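All remarks here apply to the structure that follows.
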Amino acid sequence: MKTNLKANGESKSIRQLLDTQKYQIDFYQREYKWTTENVIELLTDLENKFLFNYKDEHEHIDVQDYSHYFLGSIIININNNKKFIVDGQQRLTTITLLLIYLHSLQKELINDKDYVLIENLIYSTKFGIKSFNLDIPERKGVMDAIFNNSPLDVTGKNDSIKNIINRYHDIVENFPESLKCQNKKYILNFFIDWFIESVDLVEITTYSEGDAYTIFETMNDRGLNLSPADMLKGYILTNIKDEAKRANANEIWKTQITKLNEYDKKEESDFFKNWLRAKYAESIRERKKGSVNKDFETIGVQFHRWVREKKEFLNLATTDDFYEFVKEFEFFSNIYLKIKKISKNLNKKFEYVFFNSYNNFTLQPPLLLASIKSSDSQEIVDKKIKLVSQYIDTFIVLRAINRRTLGYSSISYTVYNLIKKIRDQDLDPLLDDLKNELKSMDEKFDGASNLVLHSQNKRFIHFLLARITSFIEINSKMTSHFDDYIRTNIKKPFEVEHIIPNKYFEYAEEFSDPLEFEQERNRLGNLLLLPKDFNQSFGDMPYTDKVKNYFGQNILAKSLNEECYKNNPSFNSFVRDNNLSFEAFKQFSKNEISKRQKLYVEIIVKMSDFKKLDKIVY
């Protein structure tokens, strides 16, 4: 192998690039990701360029004088006399698909004497074995199916296979009719000759992986930039010198990226940001003018470059080091996907993860990942997720009831410092640290004594009332309806109900002015959750009429009615065992709001009892 040669570039036609040439994909390469839009853009460009030159009076020979079309650059690394595509497989794959379609279309439209031989640009035979010139073993099945026009089941196949099938269909559906025929004259053979002889790419040839990666990182595909995850993959796999481990690492990487993309296209990058922040970030930008980005911010912007620059800190030196990095990627990406799934769907076992996601706590993933070690059993992983998510829930509640913001800029330092503190901890010290963190917070539960509904906290108040109501249901041995209380896409969504109707003059004797009335009316103790239709029908009723109808509603509303305390042993036991000041009211005004507010504070304290953290561990 020539290792002392400089990289060089040469303009080549499609025929020169593909005629009986074999290419393999290097480990730098991502999955095939071209979209319908990319295919349509290419076909449109080719059509416009070709028809700019074509005249009806032209003969086939005139095509050799048509102007050329530049399709971009590709990077090839020659290793052991084999050509590896470092950058450009997106274009070469699409070109091959277009050649297969043109080959098929000729059979329908072109006479044998005008037929343009292009089979050698698609496949070639050596020692009796036929293989595609783009020689990628895992794609052989799909390329055979396309070439032979035979069906293929893509269930369980990776993104590349599915995209190859879909993009071929895009070519079939969007290939311009104008390139087949002009004024009843078939010109497909004209176009094919122009396409293979006058559509050029610059082939950049390298003779070392180092040169290849350097050039690769600066290049991007037609209309589709390389993602940071693609570039990180290239860097990591380049440094795994053992071929078997490299192949295995490549499969792991592709599998996990496919899983992340199947969940959501943005999760590919989001995972790396959350994982690297959780496990490795050692610094954060200072809060002062002129400060520069540190680990925490740099990972969020250019995590692939950060890994390269921090390779010594990350202990990335040997093949085994880089291979273990991939194994950790596999382990933590699976946990991350689990976190994302339980964030979106209420799961009783991990309900706090869902609560925190509902409250848009975007820094939950790195906090949940921080304490987890790759050597942890599934049982330990689950306990750590429960512990940290319950801590986050209490943190959110304490800040929100004390009118403290949960905006990223206001909590990022707190979260970053906690990430570092709990990183790779065992269960017992993790439990102690989380409890100490909560105890040391400036915000306390008595802040809820003054909690008032306002325009900025409507969503949280709705959530808190749902939590309070569900907590009572569960502890009274009833079915919890929390999911219904917060959903907006059901037939009768729940709304925040003001127990006292908005009729100041009916309560003027108890309130000094309309402003005090409005303030008291929006206190937490005057609020419930009720179905929208009920709220609309009874919202303006006097309390004496409302309370009769409350008995048919959820337990928090029902508890205002004295009938709730009759023949209800489980509820009464819950109230008695927890020393809660539940009370039925025949009238409801300023004094009753205060009593009800006191009750809600008691329930919030019980809901967020730090001792519940102990039960997770012991």
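Data overview
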item: Those residues of segment 555-577 which are more than 43 Å from the chain's Cα centre (by Cα) and not in a helix (DSSP H, G or I), in sequence order; result: 560, 561, 566, 567, 568
item: Test: residue in segment 437-446 that is closer than 21 Å to residue 337 by Cβ, outside any loop (DSSP other than H, G, I, E, B) and not polar (S, T, N, Q); result: no
item: Unmet criterion (only one of (1) more than 27 Å from residue 235 (Cα to Cα); (2) among the hydrophobic types (A, V, I, L, M, F, W, C); (3) modelled with pLDDT of 95 or more) for residue 278; result: (1)
item: Test: residue in segment 509-524 that is among the hydroxyl-bearing types (Ser, Thr, Tyr) and surrounded by 13 or more Cβ atoms within 10 Å (Cβ to Cβ); result: no
item: Helices (runs of 4 or more DSSP H) contained in segment 305-372 and holding at least 1 residues out of contact with any helix residue (DSSP H, G or I) (no Cβ under 8 Å at 6 or more places or on another chain), over 30 Å from residue 405 (Cβ atoms) and not assigned by TED's automatic domain parsing to the domain that holds residue 407; result: 319-344
item: Of all residues making up segment 86-114, the number that are touching an Asp or Glu at 6+ places or on another chain (Cβ under 6 Å) and in a strand (DSSP E or B); result: 1
item: Residue 12 vs. criteria over 30 Å from residue 261 (Cα atoms) and without any contact (Cβ under 8 Å) to a residue 12 or more places away in the chain; result: no
item: Test set (1) at pLDDT 90 or above; (2) touching an Asp or Glu at 6+ places or on another chain (Cβ under 9 Å); (3) closer than 22 Å to residue 139 by Cβ - residue 242 fails condition number; result: (3)
item: Selection within segment 590-618 - in contact with a strand residue (DSSP E or B) (Cβ under 9 Å, 6 or more places away or on another chain) and not aromatic (Phe, Trp, Tyr); result: 593, 594, 596, 597
item: Boolean, residue 431 is modelled with pLDDT under 95 and crowded, with 17+ Cβ neighbours inside 10 Å; result: no
item: Residue, surrounded by the most Cβ atoms within 10 Å (Cβ to Cβ), within segment 52-86, restricted to residues that are farther than 26 Å from residue 214 by Cβ and under 43 Å from the mean Cα position of the chain (by Cα); result: 69
item: Matching residues in segment 578-618 - criterion: being in a loop (DSSP other than H, G, I, E, B), among the basic types (Lys, Arg) and in contact (Cβ under 8 Å) with a residue 60 or more places away in the chain; result: none
item: So residue 190, is it of a type outside the set (S, T, N, Q), under 20 Å from residue 90 (Cα atoms) and surrounded by 22 or more Cβ atoms within 10 Å (Cβ to Cβ); result: no
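The values are calculated or read from the model by the stated rules, or taken from the named source; none is laboratory data. These figures come from a predicted structure and were not determined experimentally. Neighbour counts run over all protein chains shown; Cβ positions are idealised from the backbone, glycine included.
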